[in-house]
Amino acid sequence: MNTDFDIAVLGGGLAGLSLLYHLIEAGKLADKKVLLVDPAGRKNKYDRTWSFWEAEPGPFESLVHHRWDTVTVHDNERDLICELAPYQYKLIRSSDFYAHVNKVIDAAGVVTRLTDRAENITSAEEFVHFTSGGQSYRVTHAYSSLPLHLRPRQIKQPYLDQHFKGWIIKTEEPVFDPAVAALMDFRTPQHDETRFLYVLPTSSTEALVEVAIFSNNHLTSEAYDEILSQYIAAHWTEGAYTVKHVEQGNIPMTTYPFPTSEGNLTYIGLRGGAARPSTGYTFYGMQRQLGALAKSFPSRAPKPWRRRDLYYDATILGLLQHNRLRGDQIFLDLFSANPTPRLLAFLNGESDFTEELAIMSTTNIREFGKSFVLEALR
Ligand SMILES: Cc1cc2nc3c(=O)[nH]c(=O)nc-3n(C[C@H](O)[C@H](O)[C@H](O)COP(=O)(O)OP(=O)(O)OC[C@H]3O[C@@H](n4cnc5c(N)ncnc54)[C@H](O)[C@@H]3O)c2cc1C
């Protein structure tokens, strides 16, 4: 049994690397030995684009590749222009994030990397045990972001996948305004689901155009391509463009009560419920949670979302999953009837109760009320 390490970080994606970053910045690892386990090894690829909004400079401000003060929201009848101040919508490329955080981790000189799977993870009394690369390990604290594969039919809480595919395109003609991002554009056939596109332009000829679908029916890769090309031709350019980069993925949207800890084993990232159930946004809430966890280390981690955020989200997800209201109706109503900063504070879990009441009063109260009661009774 290997007992050389105090802390094990199992999974070195966004959550594992962010946790190490925050612990190092908080000065909590100076006298510790840490093992970072991930079969994918040291991450360095541009495999995802993280967008999020925040009102203050964040811990990764220097990595922000582009930022917007204005966003738009569209359906077939409404075109909303939303000013975000004091918020900004920000974009970080994973390759920049991995390079920066890996450098900070290496400089700390306390982290050993193991390129293998962590398995047989158990927490007993004051230790966590696991195996990896044919060895058994015992550590005092472990943080796991290993994926949890939930089956929607096996849980009682509402569950929708957010599955998506995006292209970074380079157009020949200038067609984008790099000062304005399209946050949600529902001008695509909905097929009884919630389907929207977002467009994050970084210059007049370059943008990430991504289609996101809230449903448990995934599409073929070609079907997402078809939606992307039709949308671009209908709303941005009929001219030529090249696809410079492709990303694809899935984020579970659910109010399932993800376990956050077992003894000294703490679950972080998507595994610990870091994705906001009603939107899938994860980056900002995860940094807030892991920053707080690092400051209070070795005390228990705070939950990623407040209890009442999860009630609101169960209400919205319940409406969407059971097709009682369409996503375009819900989001366009919210954006048209509320000051954008109030709504952004709400979706970041930073609003106060008065703001939440004000927001709820702008919804379809009958349907929201019914869904709230149904979900609360589950
Ligand atoms: C393409 C894409 C775009 C996204 N865009 C946004 C966005 O714009 N805004 C936003 O807020 N969120 C976004 N998300 C959601 C979320 O921020 C990311 O999914 C984020 O990477 C989640 O972090 P994580 O650490 O939980 O998971 P991951 O980053 O996936 O890390 C999990 C790690 O666990 C490792 N692992 C798996 N099995 C084992 C094992 N047995 N032992 C050890 N390690 C193991 C994996 O190799 C991986 O490195 C996006 C997700 C994707 C996929």
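The values are calculated or read from the model by the stated rules, or taken from the named source; none is laboratory data. Quick caveat, the model's predicted, so the values are computed rather than measured. As a convention, Cβ positions derive from the backbone with ideal geometry for all residues, glycine included, and neighbour counts pool all protein chains shown. In case anyone asks, the SASA skips ligands and DNA or RNA and just uses the protein heavy atoms, side chains included. Shrake-Rupley method; radii C 1.70, N 1.55, O 1.52, S 1.80 Å.
Data table
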{"quantity": "Once the Cα gyration tensor of the range 76-168 is diagonalised, semi-axes √(5λ) in Å", "calculated": "37, 25, 14"}
{"quantity": "The chain: relative contact order in percent, alpha carbon pairs under 8 Å with at least 6 residues between", "calculated": "19"}
{"quantity": "Descending semi-axes in whole angstrom, ellipsoid equivalent of the chain, from the Cα gyration tensor", "calculated": "35, 25, 19"}
{"quantity": "Relative contact order %, the range 80-192, counting alpha carbon pairs below 8 Å whose residues are six or more apart", "calculated": "9"}
{"quantity": "Per residue value of the accessible surface for the range 42-106 (all protein chains in place, 1.4 Å probe), Å²", "calculated": "49"}
{"quantity": "Nonlocal amide H pairs with Thr202, under 5 Å, H built at 1.01 Å", "calculated": "Ala207, Leu208"}
{"quantity": "Nearest-20 debye value, the chain charge dipole, Cβ charges on Lys, Arg, Asp, Glu", "calculated": "1200"}
{"quantity": "Length released on extending from Ala26 to Asp192, taking residue separation times 0.36 nm less the Cα-Cα span", "calculated": "55.0 nm"}
{"quantity": "Per residue Cα convex hull volume in Å³ - calculated over the range 115-209", "calculated": "218"}
{"quantity": "Residue-span extension gain [Arg117 to Arg307] - 0.36 nm each, minus C-alpha spacing", "calculated": "65.1 nm"}
{"quantity": "log10 of Debye I(q)/I(0), alpha-carbon scatterers only, for the range 299-342 at 0.26 Å⁻¹", "calculated": "-0.98"}
{"quantity": "Length added when fully stretched, Asn44-Gln248, from 0.36 nm per residue minus Cα-Cα", "calculated": "71.7 nm"}
{"quantity": "Top positive-direction residue, dipole computed over the range 13-54 with Cβ charges, set Ser51, Leu20, Leu35", "calculated": "Leu35"}
{"quantity": "Coordinate range along principal axes, alpha carbons of the range 159-253, Å, largest first", "calculated": "40, 25, 22"}
{"quantity": "Separation of the Arg67 and Glu83 label points, Cα + 7 Å toward Cβ, nm", "calculated": "1.7"}
{"quantity": "Reduced Cα scattering model of the range 307-377, Debye log10 I(q)/I(0), q = 0.25, 0.27 Å⁻¹", "calculated": "-1.27, -1.43"}
{"quantity": "Accessible area of the chain belonging to carbon and sulfur atoms, whole % at 1.4 Å probe", "calculated": "50"}
{"quantity": "Helix-only CD estimate at 222 nm, as mean residue ellipticity for the chain, using -39500 (n - 2.57) per DSSP H run (n ≥ 4)", "calculated": "-9000 deg cm²/dmol"}
{"quantity": "Table column - 3J(HN,Hα) (Hz), the range 12-21, Karplus curve with 6.51, -1.76, 1.60, x for Gly and Pro", "calculated": "x, x, 4, 5, x, 5, 5, 4, 4, 4"}
{"quantity": "Of all DSSP beta bridges in the chain, antiparallel share, percent nearest 5", "calculated": "75"}
{"quantity": "1.4 Å probe accessible area per residue over the range 307-377, in Å²", "calculated": "45"}
